[in-house]
Amino acid sequence: MRAQTGSFGDPGKIEQRADRISDPVERLRFLRSQVQKPAEPPVAVVTLRPAARAHRRIPRGVRQIAWLALVVVIALAPGPNPKGAAETSARERGLLVPRAETPESPGSVEWVVPRVWRVDRSENTEVYSNGLRVDTSFVVSNRPRAEYPVYALVGASTPAKTGTTPVGIVYHTTESHMAPFEEGENRHLRQFGRNVLEVIRQGRSYHYVIDRFGRVFSVVNESDAANHAGASVWAGAEGIYVNLNDSFIGVAFEGTTDATDEVTPAQILAAKVLTEMLRSRYGIPAENCVTHAQVSVNPLNMRVGNHTDWARNFPFGAVGLPNNYAIPLASIYAFGFEYDEVYLRAVGDNVKGLILSQKQLERQAAAEHTPYLQYRSMLRHRYKDIAAALKEQSEGGS
Amino acid sequence: MSKNSAGQALGLDVGTSRIVVAQRGGDDFQFESQLNAFVSIPHSKITQAVLEREGIPHTPVAGEIIVHGNESEKFAGILNAEIRRPMSRGVLDATEPESLRMIREILTSMVGANNKERQKLCFTVPAAPLGAEGSLTYHEATLRQILTELGFQPTSINEGLAVVYAELESSNYTGIGISLGGGLCNVCLAYLSVPVLSFSVPKAGDFIDASSASVTGERANRIRLTKEDSFHFNGFFADKVHQVIGVYYDDMIRSLVSALKDAFSRTKDLPKFTRPVPMVLSGGTTMPPGFRDRFEKLLWEQDFPVTVSEIRLAQNPLHATAKGALVYALSDL
């Protein structure tokens with residue numbers, strides 16, 4: 001079988017010789033040896049010689065083919081044929097693995113979002129095809145989701161476009177009282193869970209709450225906005241979203257910022273299937289599934305991290321998402337927000353996003369030939385214009 | 001399979017659902033498989049004595065006895081308990097506390113300790129699972145450590161590539177091998193034995209079991225038995241369990257086909273074959289009658305970017321991956 005890329009010197013000849021080997025092991029051994037030692041094809045051998053005389057004798061067309069073969073040979077030089085186990089699989093995996101799942105490329109995992117659909121609905125329960133069960137007995141309405149603006153990464157303070165459906169998910173913790181997660185504490189666990197649901201319901205705080213037993217409660221209708229994100233900023237492939245109550249869905253884990261390690265496996269599992277369902281329903285890209293700490297800002301002091309829930313420890317991998325902590329914060333590189341000691345302490349080791357944001361901001365300033373502080377000041381002015389316009393729109397609409 | 005003999009290599013398919021070991025006896029390949037599963041039962045001296053007398057693989061652990069391998073299924077059925085597994089989604093399950101101990105016990109019971117010269121053993125690993133590179137490294141390193149401690153000289157091979165090595169000798173190991181297991185579907189495109197594209201899809205047999213169990217209220221283990229014993233495609237089922245299994249089987253195949261199309265379409269450096277390439281399906285999830293036809297139908301519905309000459313099942317879908325690992329290990333001697 002011949003491939004047009006010509007991975008081998010002369011695949012046709014190699015195949016002819018391989019065809020004569022009846023034993024499968026011997027045949028594989030032969031083929032592997034050809035990959036390891038691809039110098040057999042005469043064109044490649046001749047071309048590799050530096051002697052000018054030899055070079056002159058070779059027709060031009062053949063030389064071109066030989067150089068092409070050489071490039072391919074060099075590309076294949078390490079060969080997927082190592083002796084060590086880790087090397088073997090690592091090299092195999094590194095060949096042409098679709099770049100979808102690595103934490104370094106968080107924006108490209110859409111193709112793995114499973115199709116999730118509602119299988120059954122009763123008075124108080126919805127069941128989905130991925131095993132998600134949603135308790136709808138607490139659901140309430142809030143104001144309808146408004147048409148939200150989407151801004152270009154740079155440029156004017158007027159929206160580049162608008163949207164009406166959710167484009168992302170913000171994960172929160174409820175910051176509620178916690179009982180030890182032990183069998184003997186069942187009564188308290190149930191009671192605290194119930195209490196926090198009531199509070200959230202009254203405040204229309206989140207669309208979904210996941211209690212400590214992994215039960216998913218729908219609290220605010222998805223068609224309505226929930227009061228979950230406040231002053232917030234996030235950038236996706238489509239542009240920048242400001243104040244995410246209308247554009248993002250709020251999902252809260254029953255838990256506290258200081259004890260995210262106490263989030264239960266049942267909660268994580270529930271978050272995974274809930275995330276799958278929401279991503280499937282709205283086509284939400286992976287990079288728009290982020291934590292409150294990543295999006296929250298304080299416009300008064302122009303600092304990020306006004307809220308720090310899930311500043312670290314969010315189990316992105318277990319929830320079926322790439323490590324979105326590595327995504328730079330648009331609040332910093334697009335609007336000139338800063339971070340402080342409190343935020344640094346909250347994020348712990350998750351500083352990659354911050355570092356990238358800062359570097360991006362510096363690169364942009366350099367590209368604009370503008371002193372850093374002056375450039376940041378310009379970005380801040382843009383944010384303030386946008387925030388003022390949104391406030392006016394909000395007050396006008398209410 | 002009896003304890004290994006020195007001088008020959010072994011192939012080991014470490015799957016989420018089953019572990020299969022292969023070795024060559026003359027021109028033939030010989031296989032032995034064990035469920036990669038266990039169940040814990042209350043400890044008593046009488047129980048332990050009975051298990052020992054019957055030669056049932058087990059391990060006493062503080063206050064209970066863990067029965068592992070093939071017998072675990074029987075005990076789970078008798079005790080109406082959910083079977084536990086050391087692995088999940090193709091890799092060691094970090095949330096299962098007995099994961100390491102059990103995988104070591106099962107592997108030891110299958111390949112034994114190699115006290116002679118360090119024997120070659122090739123074990124399978126999944127392709128990069130979605131969003132879990134770290135767990136793959138841990139999985140691979142742990143298996144290698146266990147096998148090294150057992151006295152082997154381990155190497156690893158991608159599961160999809162192992163299928164190619166097992167089944168595509170006639171096309172000089174050019175084609176697409178797909179292993180549809182319990183935790184993952186592993187895909188590999190190889191050209192003249194060289195793997196050029198590999199990936200895994202995190203939706204396979206366990207997805208069908210868990211999803212069907214969640215909808216029907218049955219135990220996942222019972223769903224799996226129903227699926228393996230009496231499910232088939234292209235038939236009408238009056239009972240809900242079979243209907244639900246059919247729905248999720250279809251969903252799994254659609255996801256795989258969609259991922260195949262997407263991955264092959266998005267890969268820019270894919271070789272352009274001048275001849276259609278064969279595609280082989282293997283693994284326990286391919287076993288229901290009619291699976292191949294259903295898969296083929298759904299694949300043809302897509303505009304698949306590589307021309308496929310044939311889609312066929314492996315000669316022995318349950319053993320193909322182990323055979324491929326063995327062929328690879330032998331070719332390395």
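Derivation of every value follows stated rules applied to the coordinates shown; laboratory data play no part. It should be emphasised that the depicted structure is a prediction, and the values quoted were computed from it without experimental measurement. Note: ideal-geometry Cβ built from the backbone for every residue, glycine included; neighbour counts use all protein chains shown.
Which aspartates and glutamates does B:Lys227 reach when only Cα atoms under 12 Å apart count, and residues fewer than 8 places away in its own chain are ignored?
In chain and number order, the partners are B:Asp206, B:Asp209.
Suppose R0 equals 51 Å. What FRET efficiency, 1/(1 + (r/R0)^6) with r the Cβ-Cβ distance, do A:Arg194 and A:Ala152 give to the nearest 0.05?
The formula returns an efficiency of 0.70 here.
Considering every residue in A:20-26, what mean count of other chain Cβ atoms within 10 Å of its Cβ is obtained?
Other-chain Cβ atoms within 10 Å of each residue's Cβ, averaged: 5.
Which number do you get for Rg(Cα) / (2.2 N^0.38 Å) in region B:165-313?
Against the empirical 2.2 N^0.38 Å value, I get 1.09 for region B:165-313.
Return the single residue from B:Phe199, B:Phe231, B:Phe123 with maximal mean-square fluctuation; model: Gaussian network over chain B, springs between Cα atoms under 10 Å.
Result: B:Phe231 has the largest fluctuation of those listed.
If I model a spin label as a point 7 Å beyond the Cα along the Cα-Cβ vector, how far apart are those points for A:Glu341 and B:Asp27 in nm?
Going from the A:Glu341 label point to the B:Asp27 one covers 8.0 nm.
May I ask you to derive the FRET efficiency for B:Phe237 and B:Ser265 from their Cβ-Cβ distance with R0 = 41 Å, giving the value to the nearest 0.05?
On the way: r = 35 Å, r/R0 = 0.85.
Approximately 0.70, to the nearest 0.05.
Considering the protein assembly as shown, what Rg and Dmax in Å follow from its alpha-carbon atoms?
28.6, 91
What ranking do A:His228, A:His188 get, fewest neighbouring Cβ atoms within 10 angstrom at the top?
Lowest to highest Cβ neighbour count: A:His188, A:His228.
To the nearest 20 Debye, how big is the dipole of the protein assembly as shown about its Cα centre, given +1 on the beta carbon of each Lys and Arg and -1 on that of each Asp and Glu?
That gives the protein assembly as shown a dipole magnitude of about 2500 debye.
Under a Cβ-only charge scheme (Lys and Arg +1, Asp and Glu -1), can you give me the dipole magnitude of chain B about the Cα centre, in debye to the nearest 20?
Here the size comes out at about 220 debye.
Report Rg (one decimal) and Dmax (nearest whole number) for chain B, counting Cα atoms only, units Å.
Rg, Dmax (Cα atoms, Å): 19.8, 67.
In peptide B:64-73, what is the residue-averaged number of other protein chain Cβ atoms found within 10 Å of each Cβ?
Values: counts 0, 0, 0, 0, 0, 0, 0, 0, 0, 0.
The mean count of partner-chain Cβ atoms within 10 Å per residue comes to 0.
In debye to the nearest 20, how big a dipole does region B:98-245 give about its Cα centre with +1 on each Lys and Arg Cβ and -1 on each Asp and Glu Cβ?
180
Restricted to Cα positions, what overall size does region A:108-397 have along the principal axes? Three whole-Å values, descending.
That gives 62, 38, 37 Å along the principal axes, largest extent first.
To make sure I understand the rule: partners must be aspartates and glutamates, Cα under 20 Å from the Cα of A:Lys359, and not fewer than 8 residues away in the same chain. Which ones qualify?
Qualifying aspartates and glutamates at Cα under 20 Å: A:Glu104, A:Glu287, A:Glu338, A:Asp340, A:Glu341, A:Asp349, A:Glu368.
Between A:Glu185 and B:Thr307, what is the label-to-label distance in nm when each label sits 7 Å out along the Cα-to-Cβ direction?
6.5
Could you work out, residue by residue across B:205-218, how many beta carbons of other chains sit within 10 Å of that residue's beta carbon, and then give the average as an integer? Don't skip to the end; give the middle numbers.
Numbers: counts 0, 0, 3, 0, 0, 2, 6, 1, 1, 9, 6, 0, 0, 0.
Mean inter-chain Cβ contacts per residue within 10 Å come to 2.
Once you place label points 7 Å from the Cα toward the Cβ at A:Glu395 and A:Asn313, how far apart are they in nm?
Distance between the two pseudo-spin positions: 4.0 nm.
Could you line up A:Arg17, A:Arg115 from fewest to most neighbouring Cβ atoms inside 10 Å?
A:Arg115, A:Arg17
How high is the FRET efficiency between B:Glu82 and A:Ser223 when r is their beta carbon distance and R₀ equals 45 Å, given to the nearest 0.05?
Rounded to the nearest 0.05, the efficiency is 0.75.
Could you identify which residue out of B:Val280, B:Val215, B:Val91 has the top mean-square fluctuation in a GNM of chain B using Cα springs shorter than 10 Å?
Sorting by GNM fluctuation, first place goes to B:Val215.
Name the residues of region A:363-398 whose amide N is less than 18 Å from a point 7 angstrom out from the Cα of A:Leu300 along the C-beta direction?
Taking a point 7 Å out along Cα→Cβ of A:Leu300, the residues of region A:363-398 whose backbone N falls under 18 Å are A:384, A:387-388, A:391.
By how many nm would the segment from A:Leu356 to A:Phe138 grow when fully extended, if each residue of separation counts as 0.36 nm and the alpha-carbon distance is taken off? Provide the component values of the computation, followed by the final result.
Working: separation 218, 0.36 × 218 = 78.48 nm, distance 4.09 nm.
Between A:Leu356 and A:Phe138, full extension yields an extra 74.4 nm.
For the pairs B:Lys45/B:Lys323; B:Lys45/B:Lys203; B:Lys74/B:Lys261; B:Lys203/B:Lys272, note any where the Cα-Cα span goes beyond 30 Å.
Pairs exceeding the cut-off: B:Lys45/B:Lys323; B:Lys45/B:Lys203; B:Lys74/B:Lys261.
Give me B:Lys323, A:Lys391, A:Lys352, B:Lys227 sorted ascending by neighbouring Cβ count inside 10 Å, so fewest comes first.
A:Lys391, A:Lys352, B:Lys227, B:Lys323
How big is the gap, in Å, between the Cα center of region B:298-331 and the Cα center of region A:274-337?
If we compute the Cα centre of each part, the gap is 41 Å.
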